[in-house]
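The values are calculated or read from the model by the stated rules, or taken from the named source; none is laboratory data. Quantities reported herein were computed from a predicted structural model and do not represent experimental measurements. All Cβ positions, glycine included, derive from the backbone under ideal geometry; neighbour counts span all protein chains shown.
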Amino acid sequence: MSKSLSKAAVSSQAFCGIDVSAAKLAVAVQREDRAGFEEREFANSTPGHRQLIGWLLKRGTSVRVWLEATGIYSYDLGLALEAAAGVEVAVLNPKTVNRFGQTLRRSKTDQADAVALAEYSLRMPFAPWRRPGPVAMGLRAISRHIAALTQDHTRLGNRLHAAEGSATTPRCVRQDLKRALDGLDKRIAKLRREAVAMISQDAELKRKFEQLVAMPGIAGISAVQLLGELAGLDPTMTVRQWVALSGLDPAHRASGSSVHLPSHLSRNGNSHLRRALYRPALVGVRYDPHLKAFYQSLQARQKSKLQAIMAVARKLLHAIFGIFKTGTPYDGAKLFPQLIPTF
């Protein structure tokens, strides 16, 4: 029986929340025709996923499952649930769930989080998760590993700088730090070659990579990081959803006539994507006249340097969305039609 037929054959629906950790799954289920929750725990493993799906489907109802995006811990579970007949799955930003859960409970436990997710699934509009392709997931894994190694490289570089500035640091320590940095350089370079080779084997990814490196401020390294986060997104997403996903959307704070606080970035999104956009924004305001003019206009309105840079990053994300959708090259004049660039 097909998945769609299985769902049509049932008369009621169950709403499930799953709190995902490395070792276990805390599960809460609420049926639309009954009060209260059924709660269980399962191992976060392939056998545990099978047991969970069997337990969910024994009710003879279709099930909508909501779980938090917790990287590798939730991905295999999402794949198993998405493939099961009678099950729909949605993946949420953890910050969104946490804020919703704070309105329902005082304690924070795995089971309480699962109940909050089940309540969320019952009350909120459902947006089904679409599994990314294997190449997109592989590229994301490589790009995030490169980002983690790059952070390690920065920390080691800072330690070496401090060690070389102190006469008390033994020579063996300085040498060991230099060897560790050299090793990281080689590992990062190898992973970048692997990422570029993976991109070159996929026609669509190759086209998008070439479009990215043609944009101001985006070189090969940044293009790999950006594609790693963008390649697996649902193709039906809008640019506003991209911005919300990145956490670069503004959050406004106003109440009545007395509270009018400055807007700030929501940061309720993909921090990897925000970091991948940050350096291109820094470089872009130096070398692209349109980005520079936009940056200067924000500073003239008393925005801080960081606020202005993140606004440029948001504009770059808009531009990336546009060139991916239309296949046309980047054009700063179209992105900022109201600004006169300074050459």
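I'd like the full set of residues that are in a helix (DSSP H, G or I) and among the hydroxyl-bearing types (Ser, Thr, Tyr), limited to the stretch 41-58.
Thr46
So the check is Cβ under 8 Å with 6+ separation or different chains; which pairs have a first residue in the stretch 67-87 that's assigned by TED's automatic domain parsing to the domain that holds Phe15 and a second one that's among the small types (Gly, Ala, Ser) and assigned to a loop (DSSP other than H, G, I, E, B)?
Matching pairs, first to second residue: Thr70/Ser21; Tyr73/Ser21; Tyr73/Ala22; Ala85/Ser2.
Among the residues of the stretch 137-153, is there at least one that is over 19 Å from the mean Cα position of the chain (by Cα) and not assigned by TED's automatic domain parsing to the domain that holds Ala14?
Yes, some residue in the stretch 137-153 is over 19 Å from the mean Cα position of the chain (by Cα) and not assigned by TED's automatic domain parsing to the domain that holds Ala14.
Just for the stretch 34-63: of the residues that are among the basic types (Lys, Arg) and modelled with pLDDT of 90 or more, which one is surrounded by the fewest Cβ atoms within 10 Å (Cβ to Cβ)?
Taking the candidates together, the pick is Arg50.
Just a yes or no: is a residue in the stretch 169-178 outside the structural domain of Asn268 (by TED's automatic domain parsing), free of Cβ contacts under 8 Å to residues at least 24 places away in the same chain and not in a helix (DSSP H, G or I)? Reasoning before the result, please.
In the first step, residues of the stretch 169-178 are kept if they are outside the structural domain of Asn268 (by TED's automatic domain parsing); the result is 169-178.
Of the ones still in play, those that are also free of Cβ contacts under 8 Å to residues at least 24 places away in the same chain are 169-178.
Subsequent filtering for residues that are not in a helix (DSSP H, G or I) retains 169-170.
Yes, some residue in the stretch 169-178 is outside the structural domain of Asn268 (by TED's automatic domain parsing), free of Cβ contacts under 8 Å to residues at least 24 places away in the same chain and not in a helix (DSSP H, G or I).
As an exercise: evaluate Ala80 against (1) at pLDDT 90 or above; (2) more than 21 Å from Gln13 (Cβ to Cβ); (3) among the small types (Gly, Ala, Ser) and give the number of the one condition it does not meet.
(2)
Could you check, for the stretch 84-99, whether at least one of its residues is farther than 27 Å from Ala136 by Cα and at pLDDT below 90?
Yes, some residue in the stretch 84-99 is farther than 27 Å from Ala136 by Cα and at pLDDT below 90.
Can you tell me which residue within the stretch 108-123, out of those that are surrounded by 14 or more Cβ atoms within 10 Å (Cβ to Cβ) and either among the aliphatic types (A, V, I, L, M) or free of Cβ contacts under 8 Å to residues at least 40 places away in the same chain (or both), is nearest to Gly232 (Cα to Cα)?
Leu117
When the stretch 59-89 is examined, which residues are found to be over 19 Å from Ser45 (Cα atoms) and assigned to a strand (DSSP E or B)?
Start the filter on the stretch 59-89 by keeping residues that are over 19 Å from Ser45 (Cα atoms), which leaves 59-64, 85-86, 88.
Correct list: Ser62, Val63, Arg64, Glu88.
Out of the residues in the stretch 100-124 that are at pLDDT 75 or above and charged (D, E, K, R), state the one that is farthest from Arg40 (Cα to Cα).
Arg123
Just checking, which of Lys206, Lys190 is exposed (fewer than 13 other Cβ atoms within 10 Å of the Cβ) and in a helix (DSSP H, G or I)?
That would be Lys190, the only listed residue that is exposed (fewer than 13 other Cβ atoms within 10 Å of the Cβ) and in a helix (DSSP H, G or I).
How about the stretch 124-136: which of its residues are in a helix (DSSP H, G or I) and surrounded by fewer than 17 Cβ atoms within 10 Å (Cβ to Cβ)?
Start the filter on the stretch 124-136 by keeping residues that are in a helix (DSSP H, G or I), which leaves 134-136.
Correct list: Pro134, Val135.
Looking at Ala162, Ala197, Ala189 in this structure, which one is outside the structural domain of Pro280 (by TED's automatic domain parsing), free of Cβ contacts under 8 Å to residues at least 12 places away in the same chain and within 27 Å of Pro329 (Cα to Cα)?
Among Ala162, Ala197, Ala189, only Ala197 is outside the structural domain of Pro280 (by TED's automatic domain parsing), free of Cβ contacts under 8 Å to residues at least 12 places away in the same chain and within 27 Å of Pro329 (Cα to Cα).
Out of the stretch 191-219, which residues are touching a Ser or Thr at 6+ places or on another chain (Cβ under 7 Å) and farther than 14 Å from Ser143 by Cα?
Keep residues of the stretch 191-219 that are touching a Ser or Thr at 6+ places or on another chain (Cβ under 7 Å), which gives 195, 206.
Lys206, the sole residue that qualifies.
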